[in-house]
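Asks: Below is a structure I'd like to ask you about.
The values are calculated or read from the model by the stated rules, or taken from the named source; none is laboratory data. Note that the coordinates shown come from a computational prediction; the quantities given were computed from them, not determined experimentally. So basically every Cβ, Gly included, is an ideal-geometry build from the backbone, and we count neighbours across all protein chains shown. Heads up: the accessible areas ignore ligands, DNA and RNA and are worked out on the full protein's heavy atoms, side chains in. Shrake-Rupley method; radii C 1.70, N 1.55, O 1.52, S 1.80 Å.
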Amino acid sequence: MVGKLCSKVFGLAFLLLVPGAAGLAQELAIEDAAVYASPEAPLHKHMTIVIHNGVIADAGEHVRIPKGIQRISCQECVVLAGFWNAHVHFMEPKWNDAAHLPAERLTRQLGEMLTHSGFTTVVDTGSDVENTVALRKRIERGEVYGPRIFTAGIPLYPVHALPFYLADVPTEVKAKLGQPETAADAKALVDKNHVAGADILKLFTGSIVRPNQVVPMQVEIARAAAEEEHKNGGLVFSHSSNMEGTKVAIDAGVDVLAHTPEFADEIDRAVLQRMVTQQMTIVPTLKLFSQDSDIAKIRGLDYQFRHLGGRLVYGTDTGFLADYDQSEEFRQLMAAGFTFRDVLDMLTTAPAALFHLSQREGKVMPGMRGDLTILSEDPASGRPEAFTHVLYTIRGGTVIWQADRTTK
Ligand SMILES: [Zn+2]
């Protein structure tokens with residue numbers, strides 16, 4: 001079915017993507033498409049969307065399209081607000097020297113890792129801050145096509161307790177990793193990261209130093225770091241690793257757990273309720289745990305947390321996971337009992353709310369950013385894979401990725 005739809009779509013309109021082309025178009029019309037304006041809205045057919053200066057200027061059945069702007073005729077498209085992935089990493093060696101790599105190569109790598117899945121915004125929860133900021137600058141200049149990037153820069157770890165899986169990291173990189181010994185050290189490291197361009201903070205409130213041993217961060221240090229980040233206007237993400245690390249995160253005022261707690265047996269309703277009361281958010285990253293024997297319990301925690309009133313935002317640890325395919329994450333979320341509307345919320349409105357951006361993004365309506373993810377299949381089908389059948393990824397009215405008709 002998808003093949004048939006795609007050939008129809010591509011028979012009508014085709015835009016040329018030229019990496020390195022000067023400037024971003026930001027003017028675009030999508031004609032005669034089916035649209036979910038928000039996760040709660042019904043599917044509206046025969047809609048035309050006009051994006052002007054990167055913002056949705058008009059959306060409706062009878063909309064005048066300004067002369068001379070790019071058009072995508074989209075009878076078989078399902079248009080959604082741009083997807084977020086709130087847990088990725090730009091730490092694979094292929095991103096090194098992002099300031100000087102050829103633009104075409106960076107565009108291709110971003111396509112393979114992120115934009116082919118419809119991501120218009122990603123949250124990097126730990127990488128070399130200078131390098132990621134250099135990558136972001138080239139995207140923002142329009143030299144490279146890619147998503148908006150929020151970055152945590154360099155995470156903070158408990159002192160003398162780097163995770164065992166960083167054993168192979170080169171010594172000079174290890175030397176950059178923050179391991180504050182005091183609250184004052186922690187504040188200084190947070191400020192240094194912020195000045196370098198980090199938007200959020202990532203704390204390892206529990207660090208897995210050996211496969212069965214977790215060292216927690218001292219709560220005073222975690223709290224000082226979190227307070228400093230909040231003063232700088234950023235959110236605090238944590239990797240907790242066990243119950244003790246989760247308690248440190250809760251006590252320190254962390255905003256987001258970067259993973260579902262995978263030690264599902266230790267987490268009871270009272271802990272989840274406390275997290276809900278503190279308005280904490282969880283990033284499920286269920287694909288990461290999909291081979292665990294207790295995956296059903298882990299995804300059950302996400303379901304319970306959301307039904308207690310907790311916020312979940314979509315994220316997968318892509319970039320730590322070298323397999324970039326998103327299908328398994330969608331399968332796990334639906335196996336947990338979430339509807340396609342719940343999942344759409346996690347991809348759009350929930351992360352926009354987390355980042356205090358709900359006034360300007362997360363929905364497809366006038367006044368919102370022209371960030372759109374266009375699928376060839378309506379996710380109301382209940383098929384998790386529908387979310388992965390991306391035709392166009394559009395950021396601020398610019399097509400930053402589109403499906404290759406030769407591969408469909
Ligand atoms: Zn991660």
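Asks: Just name the residue that is least open to solvent (accessible area, probe 1.4 Å) out of those in region 275-304 that are more than 15 Å from VAL343 (Cα to Cα) and within 15 Å of the ligand (Cβ to nearest atom).
Replies: Here the answer is PHE289.
Asks: Starting from residues that are small (Gly, Ala, Ser) and in contact (Cβ under 8 Å) with a residue 24 or more places away in the chain, keep the ones in region 147-186 and report whichever is farthest from VAL236 (Cα to Cα). Reasoning before the result, please.
Replies: First, the residues of region 147-186 that are small (Gly, Ala, Ser): 152-153, 161, 167, 175, 178, 183-184, 186.
The next check asks that each one be in contact (Cβ under 8 Å) with a residue 24 or more places away in the chain; those that pass are 152-153, 161, 178, 183-184, 186.
Numbers: ALA152: 9, GLY153: 12, ALA161: 20, GLY178: 15, ALA183: 16, ALA184: 17, ALA186: 13 Å.
The qualifying residue farthest from VAL236 (Cα to Cα) is ALA161.
Asks: Enumerate the pairs (first residue in region 282-307 and assigned by TED's automatic domain parsing to the domain that holds HIS87; second residue anywhere and more than 16 Å from the ligand (Cβ to nearest atom) and among the polar types (S, T, N, Q)) with beta-carbon separation below 7 Å, excluding pairs fewer than 6 apart on the same chain, so at least 6 apart or on different chains.
Replies: Filtered contacts from region 282-307: LEU286/GLN332; LYS287/GLN332; SER290/GLN332; ARG299/GLN332.
Asks: Please specify each residue of region 120-152 satisfying the condition of being in a loop (DSSP other than H, G, I, E, B) and polar (S, T, N, Q). Show your work before the answer.
Replies: Of all residues in region 120-152, those in a loop (DSSP other than H, G, I, E, B) come to 125-128, 141-147, 152.
Passing the criteria: THR125, SER127.
Asks: I'd like to check something: does region 115-133 contain any residue that is open to solvent by 40 Å² or more (accessible area, probe 1.4 Å), more than 27 Å from PRO39 (Cα to Cα) and either out of contact with any Phe, Trp or Tyr (no Cβ under 7 Å at 6 or more places or on another chain) or assigned by TED's automatic domain parsing to the domain that holds PHE387 (or both)? Please lay out each step first, then the result.
Replies: Here is the first cut: in region 115-133, the ones open to solvent by 40 Å² or more (accessible area, probe 1.4 Å) are 116, 128, 130.
Subset that is more than 27 Å from PRO39 (Cα to Cα): 128, 130.
Add one more test, that the residue is either out of contact with any Phe, Trp or Tyr (no Cβ under 7 Å at 6 or more places or on another chain) or assigned by TED's automatic domain parsing to the domain that holds PHE387 (or both), and what stays is 128, 130.
There is at least one residue in region 115-133 that is open to solvent by 40 Å² or more (accessible area, probe 1.4 Å), more than 27 Å from PRO39 (Cα to Cα) and either out of contact with any Phe, Trp or Tyr (no Cβ under 7 Å at 6 or more places or on another chain) or assigned by TED's automatic domain parsing to the domain that holds PHE387 (or both).
Conditions tested, residue by residue: (1) charged (D, E, K, R); (2) away from the ligand (no atom under 16 Å from the Cβ); (3) more than 23 Å from the chain's Cα centre (by Cα); (4) modelled with pLDDT under 95.
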site: VAL144; (1), (2), (3), (4): no, yes, no, no
site: THR151; (1), (2), (3), (4): no, no, no, no
site: ALA184; (1), (2), (3), (4): no, yes, yes, no
site: ASP191; (1), (2), (3), (4): yes, yes, yes, no
site: GLU227; (1), (2), (3), (4): yes, yes, yes, no
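Asks: Moving on. Exactly one of (1) polar (S, T, N, Q); (2) in contact with a Pro (Cβ under 9 Å, 6 or more places away or on another chain); (3) more than 26 Å from ASP345 (Cα to Cα) is unmet by THR125. Its number?
Replies: It fails just one condition, (3).
Asks: With (1) open to solvent by less than 10 Å² (accessible area, probe 1.4 Å); (2) within 16 Å of the ligand (Cβ to nearest atom) as the list, and VAL79 as the residue in question, which single condition is left unmet?
Replies: Only one criterion is unmet by VAL79, namely (2).
Asks: Looking at the structure I just gave you, is GLY234 open to solvent by less than 10 Å² (accessible area, probe 1.4 Å) and within 15 Å of the ligand (Cβ to nearest atom)? Step through it out loud before you land on a result.
Replies: Values: open to solvent by less than 10 Å² (accessible area, probe 1.4 Å): yes; within 15 Å of the ligand (Cβ to nearest atom): no.
In short, no.
Asks: Further question on the same structure: Strands (runs of 3 or more DSSP E) wholly in region 162-242 with at least 2 residues that are over 26 Å from ARG136 (Cα atoms) - which ones? Break it down into steps so the answer makes sense when it comes.
Replies: Details: elements: 201-204, 206-210, 213-216, 236-239.
Because the criterion is at least 2 residues that are over 26 Å from ARG136 (Cα atoms), the strands (runs of 3 or more DSSP E) in region 162-242 that meet it are 206-210, 213-216.
Asks: Go through region 256-272 and report how many residues are touching a helix residue (DSSP H, G or I) at 6+ places or on another chain (Cβ under 9 Å) and more than 16 Å from the ligand (Cβ to nearest atom). First the steps, then the outcome.
Replies: If we filter region 256-272 for residues that are touching a helix residue (DSSP H, G or I) at 6+ places or on another chain (Cβ under 9 Å), which is where we start, we get 256-257, 259-267, 269, 271-272.
Keeping just the survivors that are more than 16 Å from the ligand (Cβ to nearest atom) gives 263-267, 269, 271-272.
Qualifying residue count, region 256-272: 8.
Asks: Restricting region 329-359 to residues that are away from the ligand (no atom under 16 Å from the Cβ) and touching a Lys or Arg at 6+ places or on another chain (Cβ under 6 Å), which is nearest to GLY82 (Cα to Cα)?
Replies: Top of the filtered list is ALA350.
Asks: Now, a different point. Looking at region 237-249, can you tell me whether even one residue there is under 19 Å from VAL133 (Cα atoms) and within 21 Å of the chain's Cα centre (by Cα)?
Replies: Here is the first cut: in region 237-249, the ones under 19 Å from VAL133 (Cα atoms) are 237.
Now narrow it down to the ones that are within 21 Å of the chain's Cα centre (by Cα): 237.
Yes.
Asks: Picking from ALA86, ALA103, ALA98, which residue would you name as being within 16 Å of the ligand (Cβ to nearest atom) and either at pLDDT below 95 or under 30 Å from ASP168 (Cα atoms) (or both)?
Replies: On the way: ALA103 fails: within 16 Å of the ligand (Cβ to nearest atom); ALA98 fails: within 16 Å of the ligand (Cβ to nearest atom).
Answer to the selection: ALA86.
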